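Only one structure is covered here, and it is reproduced in the block below.
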Amino acid sequence: MSELSAYNELVHELARLDADTSASAERATKRLAQRREAIEGLRGSLDEEVASLAEGCSALRTTVPDLAPAPVEGDDFEVLIRDARVRLREAADSRIATMRSAQRPTFLPKAHHVVREFLIYGGCLALCLLGQVLWLNASGGGDALWWVLFLPPVMAVLVGYLLVGAANKPRMPMYDRSGKPIKPVVPHNPRLGVVLAVVTMALFAYLAFFA
């Protein structure tokens, strides 16, 4: 009787161990599936971030950084997941930095718009004054002097106004939450161009009548 009881206990213990083993194997299989699913999700998110980053880099004409996860030997899923999350954060940070840079003005993106406009208007009117002086030296003045005094600076301001609009416009538009592009607010300061045009006229008048 004691042998039969011992045998039943042994069978019961073996059945319990088998059930525990099956449950452990099932839990391990579920964890493996969950980890694989997590890795695939992270890789998908990383691909989306890299695609968006590539778009910004293309607009900036820069190379796309290599953010692909490094190969890992074996099936160390914890390392794979940790590395994928690190790469995803790096891709997100790079994308945000790239998009912010791409949404800045085309010309001198870090400068204040007044500085940008001063350089553009100033450059246009400096070329205008140079052309006026060359014309004055070549012709010596004449009946067209008054036209040359006023008309070229006005045209230079108009050209500068167009260039300022292009220089202040961002290389990539911003989008709202629904994905529609937001019309950028392009600052213009035509009064600065008018002031510089008046200064150019005064300098040319001085050179033409008093120098």
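The values are calculated or read from the model by the stated rules, or taken from the named source; none is laboratory data. Model, not experiment: these values are computed from the prediction. With ideal geometry, Cβ positions are generated from the backbone for all residues, glycine too; neighbour counts draw on all protein chains shown.
Listed here are the residues, each with its yes/no results for (1) farther than 19 Å from Ala205 by Cβ; (2) in the same structural domain as Val198 (by TED's automatic domain parsing); (3) modelled with pLDDT of 85 or more.
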position: Ala92; (1), (2), (3): yes, no, no
position: Thr98; (1), (2), (3): yes, no, no
position: Leu145; (1), (2), (3): no, yes, yes
position: Leu151; (1), (2), (3): no, yes, yes
position: Met155; (1), (2), (3): no, yes, yes
position: Leu163; (1), (2), (3): yes, yes, yes
position: Asn168; (1), (2), (3): yes, yes, no
position: Asp176; (1), (2), (3): yes, yes, no
position: Lys180; (1), (2), (3): yes, yes, no
Any residue in segment 110-119 that is surrounded by 15 or more Cβ atoms within 10 Å (Cβ to Cβ), at pLDDT 85 or above and in contact with a Gly (Cβ under 9 Å, 6 or more places away or on another chain)? yes
